[in-house]
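Take a look at the structure set out below.
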Amino acid sequence: MSEYLPAVIIPAHNEELSIATLLRALMPGVQKELYTITVACNGCSDRTAEIVRYHFPQVCCIEQEQASKVAALNAAENADLGFPRVYIDADVVISSSAVETLIDTCRESREPTVVAPRAVPKNEGCEWLVRTYYLAWQKTIFFQQHGFGSGVYALNRPAREKFERFPNLISDDGFVRQILNYDNIRVVESAKSLVKSPRDLAGLIRIKTRSKLGSLEISNSEVKMGSGPQVNQRFLQRPTILERLVYGGVNLLALLNARRLIRKRGRAYWLRDETSRHSA
């Protein structure tokens with residue numbers, strides 16, 4: 001593995017149903033020696049690591065017992081990896097050409113830059129409330145300008161050198177965006193990331209609760225952060241009344257749930273939706 005090639009890092013916790021789909025989409029870039037891939041399996045009790053090692057021998061696979069995304073990211077970066085670096089959640093799908101575009105965009109700037117693809121929610125088979133929520137979500141500034149929701153972000157060298165290690169926070173992407181300031185985010189419309197939406201309302205509330213936990217954790221963190229986004233308006237396009245009601249209701253429930261969990265447990269912890277995890 002060449003340390004001079006750009007690096008793709010994929011933290012994976014029990015992703016045997018999705019990891020092969022993602023890696024198949026990314027392998028053309030590895031075969032053309034455009035980037036390397038490291039899959040950081042963490043706390044896996046399934047066949048994730050076995051699938052990576054047996055079916056994708058060109059991919060570096062590391063394992064650790066602790067189930068922690070942040071620990072997995074830091075473990076992957078203990079190796080001498082190149083720049084730019086692209087961080088991809090194991091349950092999304094993005095093509096090698098899209099990753100190449102993210103890398104090229106990173107290289108265009110000498111300033112610290114976060115680059116994200118455009119998220120494409122896959123809502124087939126989802127309950128109508130879930131579909132309605134994502135119709136509203138796609139009209140927000142967070143989706144359109146800040147690149148949230150794609151499960152993928154890339155950092156050029158100046159951006160990655162802004163911090164030493166990923167801190168022990170739930171929202172690694174929220175941390176990265178905030179520490180680098182929101183003015184340094186670029187969303188590349190031509191690069192698409194396919195993201196499976198939760199199939200039911202319970203699954204949606206779980207992942208939005210995790211999102212709220214991450215935001216609360218960052219706001220209460222002692223880690224030195226930049227200023228948050230200056231949001232004068234949440235929606236860049238006007239949602240329907242139904243979309244606004246569903247969007248507001250889900251986020252309110254998630255926020256109340258996040259605050260309850262922090263009071264009960266004393267700290268934020270990881271929540272995961274299983275309804276969207278099925279083989280492609």
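FYI, it's all coordinate maths here, none of it is from the lab. Remember, it's a predicted structure, so these values are computed and weren't measured experimentally. Positions of Cβ are backbone-derived with ideal geometry, glycine not excepted, and every protein chain shown enters the neighbour counts.
What ranking do Tyr247, Tyr54 get, fewest neighbouring Cβ atoms within 10 angstrom at the top?
Tyr54, Tyr247
Please list, in chain and number order, the residues 5+ apart from Gly147 or on another chain whose amide H is under 5 Å from its amide H, with Hs placed from the backbone.
Residues meeting the criterion, in which the H sits 1.01 Å from N, do not exist here.
Check Thr36: other-chain or 5+ apart residues with amide H under 5 Å from its amide H, H built from backbone geometry?
Hits under the 5 Å cutoff: Ala7, Val8.
Pick from Leu81, Leu252, Leu73 the residue whose mean-square fluctuation is largest in a GNM of the chain, springs joining Cα atoms under 10 Å.
Top of the fluctuation ranking is Leu252.
Using θ = phi - 60° and the Karplus curve 6.51 cos²θ - 1.76 cosθ + 1.60, what whole-Hz ³J(HN,Hα) does each residue of region 244-259 get, with Gly and Pro shown as x?
Result, ordered by residue: 5, 5, 5, 4, x, x, 5, 5, 5, 4, 5, 5, 4, 5, 4, 5 Hz.
Return, for the Cα atoms of region 51-95, the radius of gyration and Dmax in Å, separated by a comma.
11.6, 29
Given only helices, namely DSSP H runs of n ≥ 4 each adding -39500 (n - 2.57), what is the per-residue ellipticity at 222 nm of the chain, to the nearest 500 deg cm²/dmol?
-12000 deg cm²/dmol
Please list the non-local residues whose amide H lies under 5 Å from the amide H of Lys122, H modeled 1.01 Å from N, same-chain partners needing a gap of 5 or more.
Val195, Lys196, Ser197
Using alpha-carbon positions, what is the distance between the centroids of region 127-186 and region 1-69, in Å?
Comparing the Cα centres of region 127-186 and region 1-69, I get a distance of 22 Å.
Hey, what do the phi angles of region 159-170 turn into as Karplus ³J(HN,Hα) couplings, whole Hz, using 6.51/-1.76/1.60 and θ = phi - 60°, x for Gly and Pro?
5, 5, 7, 6, 9, 7, 9, 5, x, 6, 10, 4
Give me D for region 130-213 in µm² s⁻¹, whole number, from Stokes-Einstein with Rh from the Kirkwood sum over alpha-carbon pairs, 37 °C and 0.692 mPa s.
Reported coefficient: 228 µm²/s.
I need the semi-axes of the equivalent ellipsoid of region 1-77: take the C-alpha gyration tensor, multiply each eigenvalue by 5, square-root it, list largest first in whole angstrom.
For region 1-77, the semi-axes come out at 20, 15, 9 Å.
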